[in-house]
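Heads up: the structure comes next, in structure tokens.
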Amino acid sequence: MPDEIRSHVRDEVLPDDATVIVRGGPDSLEKLAQHAARTNRAFLLDGHQLWGVSVFLALDDAGSASAERILADRMRTYRIVHLTNVAQVRASGIGLLPTFARPRYTLLMRDASARSISALAVALGPGSTNPYHVAKRRG
Amino acid sequence: MTIIVDIAADLNDEDETGFVWTFLDEARDPSVVVPGAIIVAGDADAPAVVEVVDIVSKSAGQVVHLRILPGDIEDYAALVRRTLSAS
């Protein structure tokens, strides 16, 4: 039985459309399905099945929740990252839930259908090189 | 270099502990996944060297918490090559 995630949902104002979203990648449809299945196995939301993947939002202009620090710190092991924004996620029909510690969010899908996974992939967009990957920083 | 991880994980996943989490049954060999062990987690495209923090029994299964260690996996490979001799 999965754990209820509601107690780990933060009470905060949802970000505006321009807010940058960062996720370590590269993601494929297969990987997104696997990660969503792991989330589904671990958590319920208000007693219902939860399908989603983890992302980080650049909620601040500076500091640990800024895009730069997320890329340099949380994403340091990722050569490839997905950079998108809240507007793109919402336009894809994907939900946003502030879970666990700030600036972490869960991108929510209605289910684990191929259509939903594809919508998630569209929302995340293509991968790009992480300029702050640990190997790059060594020069 | 082909990388085969010790345990599959989404390294973006962090729970209330602040650590990356995954399920123990996603390990290739669960016997190597013990607290304090240094293993490779993630997937072939996005691997990371991690320390096993703990294993927690939950109703959904045994959850492994992982601390991502500094450096790139190639750094650790270079370290082993540089410091270990055949003798």
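The values are calculated or read from the model by the stated rules, or taken from the named source; none is laboratory data. Just so you know, these numbers come straight off a predicted model, no measurement behind them. Please note: Cβ atoms are built from the backbone with ideal geometry, for glycine as well, and neighbour counts cover all protein chains shown. Heavy atoms of the whole protein, side chains included, go into the accessibility calculation; ligands, DNA and RNA do not. Shrake-Rupley method; radii C 1.70, N 1.55, O 1.52, S 1.80 Å.
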Residues with amide H under 5 Å from that of residue B:69, placed H, sequence gap 5 or more: B:49, B:50, B:51
DSSP beta bridge pairing in the protein assembly as shown, given as percent antiparallel to the nearest 5: 90
Distant-in-sequence amide H partners of residue A:25 (H built 1.01 Å from N, under 5 Å): A:80, A:81, A:82
Computed E for residue B:59/residue B:80 - FRET, C-beta separation, R0 41 angstrom, nearest 0.05: 0.55
Crossing angle, helix B:73-83 versus chain B [Cα axis fit, 0-90 degrees, rounded to tens]: 40
Net charge over other residues, Cβ less than 13 angstrom from the Cβ of residue B:24 (K, R count +1; D, E count -1): -1
Cα-based helix-to-principal-axis angle, A:29-42 vs chain A, degrees rounded to 10: 60
Heavy-atom SASA rank of A:31, B:58 (probe 1.4 Å, accessible area, largest first): B:58, A:31
Over the protein assembly as shown: helical MRE at 222 nm, DSSP H runs n ≥ 4 each giving -39500 (n - 2.57), nearest 500: -6000 deg cm²/dmol
Under the Karplus curve 6.51 cos²θ - 1.76 cosθ + 1.60, θ = phi - 60°, whole-Hz ³J(HN,Hα) for the range A:99-106, x wherever Gly or Pro sits: 10, 6, 7, 4, x, 6, 9, 10
Fraction of accessible area attributable to carbon and sulfur, chain B (%, probe 1.4 Å): 56
Centroid-to-centroid separation of the range B:1-53 and the range A:87-108 [C-alpha atoms, Å]: 24
Built amide H within the under 5 Å cut-off of residue B:15, gap 5+: B:21
Surface per residue (accessible, 1.4 Å probe) for chain A, Å²: 46
³J(HN,Hα) computed for each position of the range A:13-24 - Karplus, 6.51 cos²θ - 1.76 cosθ + 1.60, integer Hz, glycine/proline x: 5, 5, x, 7, 4, 7, 4, 6, 10, 10, 9, x
Between 0 and 90°, nearest 10: helix A:114-124 axis offset from chain A longest Cα axis: 30
Accessible area that becomes buried as B packs against A, both chains, 1.4 Å probe, Å², nearest 100: 2400
Ratio of Rg to Rh over the range A:14-116 (Cα coordinates, Kirkwood Rh, two decimals): 0.95
